[in-house]
Amino acid sequence: MKSNLRIPISEAKFVVLDVESNGLDPQKDKILSIGAVTFSDNQIDVSNSFELFLEQSEFSSEAVLIHGILKNGNLEKISEQEAMKKLVRYIDNKIIVGHSITFDIAIINETLKKYVDDKLQNKYLDTVNLYKRLKGGDYKDSNPTSLDILSDEFNIPKSDRHNAAGDAMITAILFLKIVSRLKQRGVNTLEDLFKVKRTLI
């Protein structure tokens, strides 16, 4: 999907995405829930947030300890196929943002393969990579970059952690804070944002 990367960051449309799953293998594990929120012009559109819970054919008691989603809980759930339709429609042609987003995109694409001969074509940005680039020479590969750790560093309340919609909102705030600091160093367009280097420090 082609995008005009020369526009100011404030004019771009983003969707922040988070997936809760029953494991960490995109090829065999299943999506349990999806949370997302859109924003543009540095404004998060809370009224247009997105949250889905998927019907489960498998159950992992270990995973429940993290995300709290029960196989037969009271949450309204929809089929995997319907969830993919709704998600693709919601994402549309926006730039995807997420924390360690490559996993989320991989498991979504594996799920999409069951129903359509296609995958997400959207450009994406990872808040982990942006954080590393922001820190530049101060960043060490051994430094932890979990959402909890970065939320503390950027003074972001950690409500609804390990809930897809809650994590999407936290990630959206984190992204805006990182981008705000990058803008102070001359990162103003999408092209700048996608090309920004760790040497910026």
Boolean, Phe14 is more than 22 Å from Lys119 (Cβ to Cβ) and surrounded by 13 or more Cβ atoms within 10 Å (Cβ to Cβ): no
Could you give every pair whose Cβ atoms fall below 8 Å, whose first residue belongs to region 136-155 and is loosely packed, with under 12 Cβ neighbours inside 10 Å, and whose second residue is among the β-branched types (Val, Ile, Thr) and outside any helix (DSSP H, G or I), counting only separations of at least 6 or pairs across chains? Gly137/Ile201; Asp138/Ile201
Residue selected from region 116-135 under the condition under 24 Å from Leu190 (Cα atoms) and without any contact (Cβ under 8 Å) to a residue 24 or more places away in the chain, by the criterion farthest from the chain's Cα centre (by Cα): Lys119
Checklist (1) within 19 Å of Lys183 (Cβ to Cβ); (2) of a type outside the set (Val, Ile, Thr); (3) in contact with a Lys or Arg (Cβ under 8 Å, 6 or more places away or on another chain) applied to Glu153, failing item: (3)
Can you confirm whether Asp148 is under 18 Å from Thr38 (Cβ atoms) and among the acidic types (Asp, Glu)? no
Set Ser100, Ser180, Ser159: member being modelled with pLDDT under 95 and surrounded by fewer than 20 Cβ atoms within 10 Å (Cβ to Cβ): Ser159
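The values are calculated or read from the model by the stated rules, or taken from the named source; none is laboratory data. Being a predicted model, the structure only gives us computed values, none of them experimental. Positions of Cβ are generated from backbone atoms using ideal geometry, with glycine treated the same way; all protein chains shown enter the neighbour counts.
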